[in-house]
Amino acid sequence: AQSVSQHNHHVILSEAASLELGCNYSYGGTVNLFWYVQYPGQHLQLLLKYFSGDPLVKGIKGFEAEFIKSKFSFNLRKPSVQWSDTAEYFCAPLSPLVFGKGTRLSVIA
Amino acid sequence: DVKVTQSSRYLVKRTGEKVFLECVQDMDHENMFWYRQDPGLGLRLIYFSYDVKMKEKGDIPEGYSVSREKKERFSLILESASTNQTSMYLCASSLGGLSNQPQHFGDGTRLSIL
């Protein structure tokens, strides 16, 4: 069965700290990889996507993700987080059918 | 910009009622989806539709049905509401080509069943 695993349920970071959110999936076929973000009180919106080519993809607001096919992973990174990055992040390597359970990021001053 | 509009932001209904949640998108998208979002469980797909009058079950279709009579509108129906259907319901749409198109989400309907 297809499944998605986000390793962290809740991450708390100080401003300027680096971020890495893990995402693994189990599916042997072709995947189209997405990360979505949900800021407090707002709708989910696309953060970044990967279909093919360079496995390191850039998204909005300084986020990037790396697709490692051999590890079935698509981890999200940001070198220096800001308070405004406080949100819930959803990995969706098997979108639209299966989403990860989400990681809540809290950035404190 | 794509706009996905859900008819209600908050809704309170009673057990046993028939409940309708409406969703409209304005970008002529072929695909539309209904999810429920629960803390710790993320998004779970209830139903989706890739064309008018077409529907496919997602992971948790039990207790729900859907209707897509027009391309822009996708309705979720709770046939007989129960308390375990209290949740946040999200509608989304995307262009055709099911798996490689990003989705556009509505603001959600927070449904409480008393």
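Taken together, the residues in region A:86-103 that are hydrophobic (A, V, I, L, M, F, W, C) and under 14 Å from A:HIS43 (Cβ atoms) amount to 2. Consider region B:88-114 and keep the residues that are polar (S, T, N, Q) and in contact with a Leu (Cβ under 6 Å, 6 or more places away or on another chain). The one that is farthest from the other protein chains (Cβ to nearest Cβ) is B:THR109. In this structure, does A:VAL37 turn out to be surrounded by fewer than 20 Cβ atoms within 10 Å (Cβ to Cβ) and either among the aliphatic types (A, V, I, L, M) or modelled with pLDDT under 95 (or both)? So A:VAL37 fails the test. In summary, strands (runs of 3 or more DSSP E) completely within region A:1-90 and bearing 2 or more residues that are touching a residue at least 12 places away in the same chain (Cβ under 8 Å) and basic (Lys, Arg) occur at A:73-78. Could you go through region B:29-51 and let me know if any residue there is away from chain A (no Cβ under 13 Å), crowded, with 17+ Cβ neighbours inside 10 Å and within 12 Å of the chain's Cα centre (by Cα). Within region B:29-51, not a single residue is away from chain A (no Cβ under 13 Å), crowded, with 17+ Cβ neighbours inside 10 Å and within 12 Å of the chain's Cα centre (by Cα). Could you list, in sequence order, the residues of region A:32-87 that are within 14 Å of chain B (Cβ to nearest Cβ) and touching an Asp or Glu at 6+ places or on another chain (Cβ under 8 Å)? Those that are within 14 Å of chain B (Cβ to nearest Cβ) and touching an Asp or Glu at 6+ places or on another chain (Cβ under 8 Å): A:VAL37, A:GLN38, A:GLN42, A:HIS43, A:LEU48, A:VAL57.
Can A:GLY29 be described as at pLDDT below 90 and either closer than 23 Å to A:LEU94 by Cα or of a type in the set (Gly, Ala, Ser) (or both)? In short, yes. Residue pairs whose Cβ atoms lie under 7 Å apart, separated by 6 or more positions or on different chains, with the first residue in region B:9-37 and at positive phi and the second assigned to a loop (DSSP other than H, G, I, E, B) and surrounded by fewer than 17 Cβ atoms within 10 Å (Cβ to Cβ), are B:GLY16/B:SER80; B:ASP28/B:LYS71. Looking at region A:55-109, which of the residues that are β-branched (Val, Ile, Thr) and buried (at least 16 other Cβ atoms within 10 Å of the Cβ) is nearest to the chain's Cα centre (by Cα)? For region A:55-109, the residue satisfying everything is A:THR103.
The values are calculated or read from the model by the stated rules, or taken from the named source; none is laboratory data. What you are looking at is a predicted structure, and each value in this text was computed from that prediction instead of being measured. Cβ: placed from backbone, ideal geometry, glycine included. Neighbour counts: every protein chain shown.
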